[in-house]
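For reference, the structure discussed in these notes is given below.
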Amino acid sequence: MSRVTIPVGPQHPSLKEPESFNITLEGERIMMAEVKLGYNHRGLEKAAEDRTFIQDIHLIERVCGICSHAHSSAYVMCVEEIAGVQVPARANHIRTLIGELERLHSHLLWLGVAGHEIGFDTLLMYSWRDREPVMDMLAMLTGNRVNYGINTIGGVRRDVTQAQLDQVLAVVDVVEERVKYYVDLVQTDATLAQRLSGVGFLSHEDAVRLGAVGPTGRASKIDRDIRRDDPYFAYADLQFKVITDDHEDVYGRTLVRVGELLQSLSIIRQVAKSMPDGPVKAKAPRKVPAGEATVRYEAPRGENLHYVRSTGGDKPDRVKVRAPTLANSAAVAKMMEHNNLADVPVIIAAIDPCFSCTDRAIRVEDRTRGSAEVLTWKELRRRSIDWWREQGGVDFTAHNQALLKKLSAR
Amino acid sequence: MTTWSDPTIPAATTPVPPEGVPAALEARFPALAGHMKAPRPRRVFVDAPADIFLFLVDHACDVLGFDRLVTITGMDEKDAFAALYSFGHPNGCLLNVRLRVPRDAPRIPTLTARFPGGANYERELEDLLGFEVVGLAPGRRYPLPDDWPLDEKPLRKDWKPSAATATPVATVPASPAAKPSVPAAGSPAAPNAGK
């Protein structure tokens, strides 16, 4: 049978983010896949060099919407290491708490997406509903559902009260009950097991060779977790298990993630119950002495590395971000081989890809005026309407006005 | 079968503990004496001379047990370019090997034979800093857009955006303040109000 190569992407149904794949088929079977990334590159590393260490926290936090804490944490830990700042124990506990709540909401989000990709939308509705209390806790503790803005150099920007911790513990009980149901579901539901087993196979040897990280690697028997192997925050004092699996397919990746949900809940309990007293921030210098540091952080999607280099000023000389999806992108091409074309969406989703962090983003700036701009909701709305009008898109203005007239006439 | 491993047992047995890495490297490559630092546990920085770089990588991977290329960080050090290779070990140690290359000939060897997943890291060096990676299989560029000029390397310190790359972002046209064509969301005049 002759081979056919079809492009999938950059815009396609399996993900809401742009990336493209060249998939070579023999009939329905995938022979080879090639990944093309870069559609979300907005020059963040360059932008970080023009800003101070403090301003960069704000910038780096926006590398990713889902695991923003993973990025800001890795960055501030780099700067603290170079500056020799000792972070208070209470701050480390708060950072751990936010980090695990983030993992909880990220994995629950993934579970829903995975369900959606295999046509199991009930799971999407359930798991996203159960994700809401976690988001509420994040909003209560930090003031925001995503991009928490909790980290600063030397500690955290907000303290937590005992009442808040009690509330978190109450929510953890509720979420745990639901997560136990999902663990049971994934382990016993025949449809789910049959749909996901053998799909997106990645052998242990290939996973090691291609450098797979996080749940993707752990589902191929790579017993690696930065929280245990290279502990940061309060993880060295906490009891938790690293979950690995030998299915080496999408089913294994699902088992690993639901198992990690239970571990995260246990970590949150330990942290909330053992919250030490004391300050939440140490004094940090505005100018950071010359030096360099690399920090790894176990983000929900896997190992996240940040490198910061200072030459002694108030701005970094180099900031490097290596997000987990970039490490997994070589593995995803391998996973697709010998699968059916119809399995492509769930295989891609199974690494829980996040291309905005992989390609590293953000710069709202007007180069002609040389000024950064802040748009209000109204202006943003106005801009989108004008843009569509200029592009010859559908203009609803007349329609809206007619509707308005009708309504007011009633 | 899902395994719930015991965190008290190290992930893998390793021939060299993290704190022994600098000594083990120096024993094999005496030239590295004074070119290594270990700023904190499980972190080693090495400045590798170009002539022993590949031998050092082989030694670190085959003998000391480093098995992952975590990333490659390219940087412009003004007098030279540098590539910082970060290798990961099952025991949590991170070995950072710095390879300096002259600005006028930033040539580095590819490590994709050993680490096929590292191709994207090497393409990043090519695209953002203008390294020449010898032996890297031809492929699509990463991460800059396809129409970005090949001679513009944004992470170089002397890079200035040219006419081709300094495309102005569309500005917000001054909207007529008196009568907005679309009622603001949530305002009483919105079509869906009261529904």
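The values are calculated or read from the model by the stated rules, or taken from the named source; none is laboratory data. Note that the structure is predicted; figures quoted are calculated from it, not measured. Don't worry about glycine lacking a Cβ; one is built from the backbone with ideal geometry, like all the others, and counts go over all protein chains shown.
Just to verify a result, which residue in segment A:181-208, among those that are assigned to a loop (DSSP other than H, G, I, E, B) and farther than 17 Å from A:F120 by Cβ, is nearest to the other protein chains (Cβ to nearest Cβ)? Selected residue: A:L202.
Quick one: would you say A:V146 is touching a residue at least 24 places away in the same chain (Cβ under 8 Å), more than 14 Å from every other protein chain (Cβ to nearest Cβ), outside any helix (DSSP H, G or I) and under 27 Å from A:L15 (Cα atoms)? When the stated conditions are applied, A:V146 passes them. Restricting to segment B:159-172, and then to whatever is within 10 Å of another protein chain (Cβ to nearest Cβ) and at pLDDT 85 or above, can you tell me which residue is surrounded by the most Cβ atoms within 10 Å (Cβ to Cβ)? Across segment B:159-172, the extreme among qualifying residues is B:W159. Scanning segment B:96-114 for residues that are of a type in the set (A, V, I, L, M, F, W, C), under 15 Å from B:V57 (Cβ atoms) and over 14 Å from the mean Cα position of the chain (by Cα) gives B:I108, B:A113. The helices (runs of 4 or more DSSP H) found entirely in segment A:1-92 that carry 1 or more residues being buried (at least 17 other Cβ atoms within 10 Å of the Cβ) and of a type in the set (G, A, S) are A:44-49, A:68-83. With respect to (1) modelled with pLDDT of 90 or more; (2) aliphatic (A, V, I, L, M); (3) over 19 Å from the mean Cα position of the chain (by Cα), the lone exception for A:L44 is condition (3). With respect to the conditions (1) outside any loop (DSSP other than H, G, I, E, B); (2) more than 23 Å from the chain's Cα centre (by Cα), A:V168 lacks only one, and its number is (2). The number of residues in segment A:298-357 that are part of a loop (DSSP other than H, G, I, E, B), over 13 Å from the mean Cα position of the chain (by Cα) and within 22 Å of B:V44 (Cα to Cα) comes to 2. Scan segment A:151-203 for residues that are aromatic (F, W, Y) and either under 19 Å from A:S274 (Cβ atoms) or outside the structural domain of A:R95 (by TED's automatic domain parsing) (or both) and the total you get is 0. Scanning segment B:33-52 for residues that are more than 13 Å from chain A (Cβ to nearest Cβ) and in contact (Cβ under 8 Å) with a residue 24 or more places away in the chain gives B:A48, B:A50. The single residue among A:T52, A:T24 that is modelled with pLDDT of 95 or more and among the β-branched types (V, I, T) turns out to be A:T52. Residues in segment B:135-158 include none that are more than 12 Å from chain A (Cβ to nearest Cβ) and either surrounded by 20 or more Cβ atoms within 10 Å (Cβ to Cβ) or touching a Lys or Arg at 6+ places or on another chain (Cβ under 7 Å) (or both). Annotation note: of A:A402, A:A398, A:A372, A:A333, the sole residue that is within 11 Å of chain B (Cβ to nearest Cβ), at pLDDT 70 or above and in contact with a strand residue (DSSP E or B) (Cβ under 7 Å, 6 or more places away or on another chain) is A:A333. Checked against the criteria, B:L84 counts as touching a Lys or Arg at 6+ places or on another chain (Cβ under 7 Å), under 26 Å from B:P22 (Cβ atoms) and at the interface with chain A (Cβ under 9 Å from one of its Cβ atoms).
Restricting A:G119, A:G112 to those that are on the phi > 0 side of the Ramachandran plot and modelled with pLDDT of 90 or more reduces the list to A:G119. Take the conditions (1) within 12 Å of chain B (Cβ to nearest Cβ); (2) out of contact with any Pro (no Cβ under 7 Å at 6 or more places or on another chain); (3) at pLDDT below 85; A:D359 misses just one of them, which is (2). Close contacts from segment B:99-116, counting a first residue that is within 14 Å of chain A (Cβ to nearest Cβ) and a second that is basic (K, R), with Cβ to Cβ under 7 Å and a gap of 6+ residues or different chains, come to B:P116/A:R209. From the residues in segment A:171-188 that are more than 23 Å from the chain's Cα centre (by Cα) and aliphatic (A, V, I, L, M), which one is farthest from A:G259 (Cα to Cα)? Ranking the candidates gives A:V174 first. Scanning segment B:53-74 for residues that are surrounded by fewer than 24 Cβ atoms within 10 Å (Cβ to Cβ), within 12 Å of another protein chain (Cβ to nearest Cβ) and at pLDDT 95 or above yields a total of 1. Within the bounds of segment A:294-306, is there any residue that is more than 8 Å from chain B (Cβ to nearest Cβ), over 29 Å from A:I222 (Cβ atoms) and of a type in the set (A, V, I, L, M, F, W, C)? Checked against the condition, which is being more than 8 Å from chain B (Cβ to nearest Cβ), over 29 Å from A:I222 (Cβ atoms) and of a type in the set (A, V, I, L, M, F, W, C), segment A:294-306 yields no hits at all.
Being touching a His at 6+ places or on another chain (Cβ under 6 Å), within 12 Å of another protein chain (Cβ to nearest Cβ) and not in a helix (DSSP H, G or I) is true of A:K221. Looking at B:R114, B:R42, B:R100, B:R68, just one residue is among the basic types (K, R) and more than 27 Å from B:V134 (Cβ to Cβ), and that residue is B:R42. Of all residues in segment A:307-329, those satisfying the criterion of being more than 9 Å from chain B (Cβ to nearest Cβ) and free of Cβ contacts under 8 Å to residues at least 60 places away in the same chain are A:T311, A:G312, A:G313, A:T325. Return the total of residues in segment A:297-319 being among the charged types (D, E, K, R) and surrounded by fewer than 24 Cβ atoms within 10 Å (Cβ to Cβ). Qualifying residue count, segment A:297-319: 5.
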